[in-house]
Amino acid sequence: MGKLIKSFSALILALAMVVSVAVIPSSAAAVKINKTSVTLVKGYSTTLKISGTSKTVKWSSQDSTIASVSSKGKVTAKKSGTTYIVAKVNNQTLKCKVKVVLGKISVGKSSISLDKGKSVKVKITAVGSHTLGVSSSNKNVAKASWNNAKWNGNTIYLTIKGVSSGETKIKVYSKKYPNSVYKYITVKVNGSSSGNSANKTTVTVDFGEDESAEDLSDPTAGMSYAEQVLYYCNIEREKAGVAPLTLDPVLCSAADVRAQEIVTCWDHTRPDGRSCYTAMDEAGYSYWAAGENIAYGSNSAEYIVDMWMNSPGHRANILDSGFTHLGVGKSGVYWVQMFAYPK
């Protein structure tokens with residue numbers, strides 16, 4: 001594949017700002033480790049890889065009681081704490097910071113509002129232990145129950161019902177580690193019913209916290225913000241006769257990092273001066289071609305995609321047939337798309 005370079009472009013609108021760029025990195029290979037930091041749940045594993053050399057890598061752990069590493073770079077979390085996995089090759093020393101936690105819980109939304117007598121379903125994601133407990137700081141305001149919910153992988157739905165007007169906190173916790181693995185959901189209950197008998201459902205994005213569609217008449221209802229962006233982009237690609245993009249969780253994690261960065265550093269250059277694509281490198285993502293769109297100004301995925309489509313540079317990235325995978329990140333009203341053609 002020939003080298004492709006697309007210049008930066010910018011568009012300033014009344015309610016949104018978007019910037020795009022797409023490049024293919026040079027083929028020059030440096031010795032690199034695929035992850036420089038990682039968080040693992042106790043008992044879980046990940047494999048570190050070294051690129052840019054064919055020589056044997058010598059792996060070691062600075063504290064094998066926290067995380068051990070095999071001769072092939074497989075890291076296994078042993079107990080909570082932080083240590084470094086060290087790789088020595090070609091007279092170079094590469095390190096990956098490993099943080100081990102006892103478990104992880106994430107919730108669809110950290111705060112919700114509902115009417116008295118109404119219910120909301122919140123998607124809970126738990127890694128490490130599926131033995132969860134739930135409690136309300138004031139059951140007279142709102143109650144929470146699993147309501148015979150079933151696990152789907154690492155996710156399950158929690159039902160929260162408004163009892164009377166007021167505010168309370170719902171605690172979702174690991175029964176195995178109740179004092180260290182938990183999340184709170186702030187619940188505000190309005191005193192009167194809105195008259196709408198349909199319950200609203202809130203779900204989490206697969207790769208971080210969510211601000212999902214709640215209008216059940218919306219075709220993207222129940223989708224995470226990343227899935228909403230993918231939905232609208234693939235509509236445009238279909239119109240253009242281009243194959244649809246696939247949402248990639250690793251790209252989404254890199255895009256989430258970038259979304260947080262552009263809040264304070266509005267550029268394709270990261271706050272430390274490196275290229276935006278180093279976020280993909282740090283996530284362990286290998287690619288032949290990559291592109292980035294950034295935007296701010298709205299919470300609506302449809303609106304942001306529309307803005308991108310009305311700017312030639314951003315439109316080119318969205319419709320580029322050379323890209324097959326997409327990652328989406330969001331921080332407040334700041335959005336990032338990361339496109340890739342993976343190796």
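The values are calculated or read from the model by the stated rules, or taken from the named source; none is laboratory data. A quick note: this is a predicted structure, and the numbers were derived from the prediction, not measured. Glycine gets a Cβ as well: all are built from the backbone with ideal geometry, and neighbour counts include every protein chain shown. With ligands, DNA and RNA removed, areas are computed over all heavy atoms of the protein, side chains included. Shrake-Rupley method; radii C 1.70, N 1.55, O 1.52, S 1.80 Å.
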Checklist entry - Extension gain Asn138-Tyr303, at 0.36 nm per residue separation less the Cα-Cα distance, in nm? => result 55.5 nm
Item to check | Local net charge near Ala149, Cβ-Cβ under 12 Å (Lys/Arg +1, Asp/Glu -1) | outcome: +3
Item to check | Solvent accessible area, Å² - Val31, 1.4 Å probe, full protein context | outcome: 30 Å²
Item to check | Out-of-range pairs (alpha-carbon distance over 19 Å; input Lys32/Lys79; Lys32/Lys95; Lys32/Lys88; Lys139/Lys161; Lys35/Lys343) | outcome: Lys32/Lys79
Checklist entry - Is the shape of the range 271-343 best called rounded, prolate or oblate, per the rule: a/c under 1.5 gives rounded, else a/b larger than b/c gives prolate, else oblate, with a ≥ b ≥ c the square roots of the Cα gyration tensor eigenvalues? => result oblate
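Cβ under 10 Å from Val328's Cβ, Val328 left aside: what net charge do those residues give with Lys, Arg +1 and Asp, Glu -1?
Residues near Val328 contribute -2 overall.
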Checklist entry - Using the beta-carbon distance between Tyr184 and Thr278 and R0 = 30 Å, what value does 1/(1 + (r/R0)^6) give for FRET efficiency, to the nearest 0.05? => result 0.30
Checklist entry - Which value in nm describes the separation of the simple spin-label points at Asn147 and Lys171, placed 7 Å from the Cα toward the beta carbon? => result 2.3 nm
Next on the checklist: Checking the table Lys176/Lys330; Lys42/Lys183; Lys74/Lys330; Lys116/Lys183; Lys78/Lys121; Lys49/Lys109 against a 25 Å threshold on Cα-Cα, which pairs fail?
Outcome noted: Lys176/Lys330; Lys74/Lys330; Lys78/Lys121; Lys49/Lys109
Checklist entry - Starting at 0 and stepping by 10 Å, how many percent of the alpha carbon pairs of the range 221-326 end up in each bin? => result 14, 47, 35, 4
Checklist entry - Taking R0 as 25 Å, what's the FRET efficiency between Ala30 and Gln62 from their Cβ-Cβ distance, rounded to 0.05? => result 0.60
Checklist entry - By how many nm would the segment from Thr269 to Lys79 lengthen if fully extended, with 0.36 nm per residue of separation less the alpha-carbon distance? => result 64.7 nm
